[in-house]
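Encoded as structure tokens, the structure appears first; notes follow it.
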Amino acid sequence: PGDPFSTPVPGGPSMSIRWSGEGYSGLWARVPSVGSAGYRYLKLLITRETGGRPDGQMVINELVWYEGWLHQSERPDPRQKMRSPRSPAPLRTSCSSFQDQQHHCYRALDGAIDTAWVTQGGGSVDGMLVTPQWVVLDMGPGRGMLPTALRLFCDQQNLLTASGPQGCPKTFSVLGSHDNVRYEVLHRVDMDKYGLDYQVPGGKLFYFPALEGAGGRVDGQRCGSCDVGPLFTCAVQAWDALCASRYCTMEGLCGSIPACVAGKYLQRRFLGDQKPQHLCEQCPAGRYGNVTGLEDQGCSGKCAQGYYCPPGSVSEYALQCGGSAWYCPEGSALPIAAPAGRRTVGGRDGMDRDGTEECDPGHFCVGGVQTACAAGVYGDRSGLGSPACSGRCRAGHYCPVGSVRPVLCSSGHYCPDGQLQIPCPAGTFGTVPGLRDSACSGFCAPGHYCPQGSVSATQQACPAGRFGTHSGLGNSSCSGPCPPGHYCPPATSSLSPSPHNSSRSARPCGGPAWFCPPGSPSPLSVSLGHYSTGGHDPLHRVSQQRCPPGSYCKAGLRIACPLGSYGNASGLFADWVNVTDMYLAERRRPPSAPPSSSPVSRMPSWRPSKPPVRAPSLSPSVPPSQEPTSSAPWLTSPAPYSPPTSWPSAGTYLQSSPTLQPTSVDMFLYDRTFECSGQCPPGHFCPSGSTTATPCPAGKYGISAGLGDANCSGDCPVGHYCPEGSVSPA
């Protein structure tokens with residue numbers, strides 16, 4: 001009462017917190033309230049010894065008593081260590097025995113570890129002392145203490161030897177008394193499994209559970225489990241009922257339950273005595289702990305998708321899964337290898353896959369990667385796990401990359417090994433699907449060519465102007481250009497007509513009115529004022545030339561100007577009339593009959609129908625394949641003409657009369673009147689083919705126009721004279 005520091009404790013004595021009195025560097029200590037000063041007499045009673053010395057003799061260098069809870073203070077005060085059994089006053093000490101005065105029991109309380117209390121040998125059986133040894137410390141009248149720990153230094157002379165300290169207390173009790181008559185047991189120690197416990201620098205420290213607060217031993221005090229027999233073993237890192245915190249640390253001291261670091265959690269294991277043991281265990285694989293103080297194995301949660309967490313991970317993104325061959329679903333402890341036939345999916349890059357999917361048809365999956373089936377094989381189902389996929393394509397089929405099933409080789413192609421579809425080579429064709437070799441269906445037909453991939457023997461007709469006499473032609477050049485003097489319609493397959501291919505052979509150009517240079521697709525009509533040339537006969541003309549002076553051109557023929565006319569320019573041509581009827585009549589004439597006579601002379605009528613004209617670029621073209629049966633309707637004068645009695649050669653009007661030969665040309669165009677530049681004027685004469693009029697020679701005269709020879713109209717009469725060019729005698 002009256003103590004300002006007093007604090008009532010329910011069910012116990014009041015306690016007080018007082019300053020230690022050691023200055024600002026001192027610590028607070030909890031001490032009993034006034035009227036409860038503790039025990040005046042403290043007694044150490046030893047019943048078993050560790051052995052090593054004869055007759056159970058014991059050697060104790062120093063005994064250090066401690067008092068206090070928040071701070072343990074040494075008692076007696078270090079400045080009041082004993083110098084004799086009765087000093088300093090009021091301290092006193094007594095014991096059961098000692099070897100001599102140099103080894104009196106006060107030597108165990110003098111503060112020096114190089115002196116020792118050595119007992120007399122009273123006998124020992126298996127470590128049990130026949131006569132227990134004891135020592136008593138008297139604190140003096142009105143003084144006392146509540147011991148909370150004892151530090152014991154034993155046989156320090158052998159501290160560093162292999163055998164260690166010998167003759168040390170093994171089983172002992174700490175007792176307290178107020179009158180040195182009745183003693184209370186404060187603490188018992190039984191080191192049943194002694195293992196050189198005293199071989200530690202600084203002495204062996206024993207904590208007492210006898211004096212506890214209302215809630216148990218405070219942090220830093222010896223754990224209660226350390227004082228429980230018969231093993232007296234501390235339940236370190238486990239539950240301790242005598243600790244206020246209910247936890248015993250690794251050092252055997254009461255302390256707070258540890259807050260496990262990140263990556264660990266607090267685990268409570270139940271030992272054989274059903275007391276839980278507290279351990280910081282690593283968070284299990286597949287989970288992580290990113291904060292301290294976790295108390296269950298769920299830690300902070302599962303590892304994130306695409307990542308895995310080894311034991312003790314502190315982040316949900318501990319380690320990336322590691323590539324396309326692995327995947328990590330949520331909560332993965334280790335990467336999982338992708339099975340064959342499945343590809344890994346998910347994640348932001350190839351290093352954090354979080355799942356798998358079955359491989360698509362036409363593909364296979366190895367190492368988590370989907371790859372298209374190679375050319376030549378196919379994959380007709382999902383989940384394939386080998387590059388062989390479902391099998392190889394057979395010849396006649398092909399399987400491009402990623403094929404789901406074999407594809408029948410299409411027409412115009414062949415498939416030799418199931419890998420590729422190859423176009424039939426130029427010059428061949430493929431009419432049916434499923435071909436297996438480059439021969440395809442055969443060679444292209446004559447008169448035609450087959451580019452790559454053709455499906456017919458007549459895929460492309462040789463173009464007009466070219467011919468194809470062989471099979472297996474592969475381009476539009478065919479066998480070559482049509483020969484000169486002929487023309488070649490499309491699909492021409494022969495240069496010589498025969499009963500089997502008359503419609504596909506090269507054809508003669510058709511007559512003098514037409515010409516065919518090499519490569520002609522059709523005959524070209526001779527231009528006005530030109531005549532056809534080349535070739536071995538009029539049916540095979542090759543080119544055209546402009547009509548020279550002194551002649552005119554009609555129907556591709558060059559004809560000399562007749563007697564009595566002249567042509568003083570090139571390119572002259574005549575009016576055209578149709579003489580088809582006359583030609584047909586001549587063709588039907590019996591060979592023995594003479595040529596038909598006609599009142600129409602082949603000589604000029606001197607009746608020019610128009611002035612001489614120059615030839616235009618081309619005259620109208622008349623197809624030679626047509627054979628009119630009557631006079632051409634576009635002509636205004638259908639009067640019959642007798643055909644010429646001879647066929648002209650190129651540019652010449654022949655006077656012989658060869659037999660007419662049938663040709664493919666059934667129509668010729670001739671003029672009604674033969675016109676050049678005009679009639680020869682009087683006083684001149686013009687032989688055939690004249691380009692100018694020639695004056696009649698001296699002694700001759702020409703009284704009329706159109707004279708054709710140098711005789712003109714005759715000799716000059718007697719009595720007259722006729723100079724050159726005379727029109728009449730003078």
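In the stretch 655-678, is there at least one residue being at pLDDT 90 or above and open to solvent by 40 Å² or more (accessible area, probe 1.4 Å)?
No.
State yes or no: is Gly11 over 24 Å from Ser177 (Cβ atoms), loosely packed, with under 13 Cβ neighbours inside 10 Å and modelled with pLDDT under 80?
In short, yes.
If you check every pair at least six apart or on different chains, which have Cβ atoms under 9 Å apart with a residue in the stretch 49-63 that is at negative phi and hydrophobic (A, V, I, L, M, F, W, C) first and a residue that is assigned to a strand (DSSP E or B) and open to solvent by 30 Å² or more (accessible area, probe 1.4 Å) second?
From the stretch 49-63, the pairs are Leu63/Arg151.
Suppose the filter is modelled with pLDDT of 80 or more and touching a Leu at 6+ places or on another chain (Cβ under 9 Å); does Tyr247 pass it?
no
When the stretch 161-190 is examined, which residues are found to be modelled with pLDDT under 90, among the hydrophobic types (A, V, I, L, M, F, W, C), open to solvent by 20 Å² or more (accessible area, probe 1.4 Å) and within 18 Å of Val136 (Cα to Cα)?
Across the stretch 161-190, the qualifying residue is only Val185.
Given the structure, is Tyr414 in contact with a Ser or Thr (Cβ under 9 Å, 6 or more places away or on another chain), under 22 Å from Ala374 (Cβ atoms) and surrounded by 19 or more Cβ atoms within 10 Å (Cβ to Cβ)?
For Tyr414, the condition - in contact with a Ser or Thr (Cβ under 9 Å, 6 or more places away or on another chain), under 22 Å from Ala374 (Cβ atoms) and surrounded by 19 or more Cβ atoms within 10 Å (Cβ to Cβ) - is met.
Assess whether Gly68 counts as being more than 30 Å from Gly195 (Cα to Cα), at pLDDT below 90 and crowded, with 16+ Cβ neighbours inside 10 Å.
No, not satisfied.
Filtering the stretch 195-210 down to residues that are in contact with a strand residue (DSSP E or B) (Cβ under 6 Å, 6 or more places away or on another chain) and part of a loop (DSSP other than H, G, I, E, B), which residue is modelled with the lowest pLDDT?
Ala210
Are any residues in the stretch 686-713 in contact with a Leu (Cβ under 9 Å, 6 or more places away or on another chain) and either without any contact (Cβ under 8 Å) to a residue 40 or more places away in the chain or of a type in the set (D, E, K, R) (or both), and if so, which ones?
Answer for the stretch 686-713, where residues must be in contact with a Leu (Cβ under 9 Å, 6 or more places away or on another chain) and either without any contact (Cβ under 8 Å) to a residue 40 or more places away in the chain or of a type in the set (D, E, K, R) (or both): Cys696, Asp709, Ser713.
Among the residues of the stretch 299-348, how many are over 30 Å from Gly362 (Cβ atoms) and of a type outside the set (A, V, I, L, M, F, W, C)?
16
Among the residues of the stretch 453-489, how many are of a type in the set (Gly, Ala, Ser) and touching a His at 6+ places or on another chain (Cβ under 8 Å)?
Number of matching residues: 6.
I'd like the full set of residues that are open to solvent by 60 Å² or more (accessible area, probe 1.4 Å) and under 27 Å from Ser386 (Cα atoms), limited to the stretch 315-336.
Trp326, Leu334, Ile336
Open to solvent by 50 Å² or more (accessible area, probe 1.4 Å), among the basic types (Lys, Arg), touching a residue at least 24 places away in the same chain (Cβ under 8 Å) and part of a loop (DSSP other than H, G, I, E, B) - does that describe any residue in the stretch 460-479?
no
The values are calculated or read from the model by the stated rules, or taken from the named source; none is laboratory data. Everything numeric in this text was worked out from a predicted model, so none of it was measured. Neighbour counts are summed over all protein chains in view; Cβ atoms, including those assigned to glycine, are modelled from backbone coordinates with ideal geometry. Please note that ligands, DNA and RNA were not included when accessible areas were found on the heavy atoms of the full protein model with its side chains. Shrake-Rupley method; radii C 1.70, N 1.55, O 1.52, S 1.80 Å.
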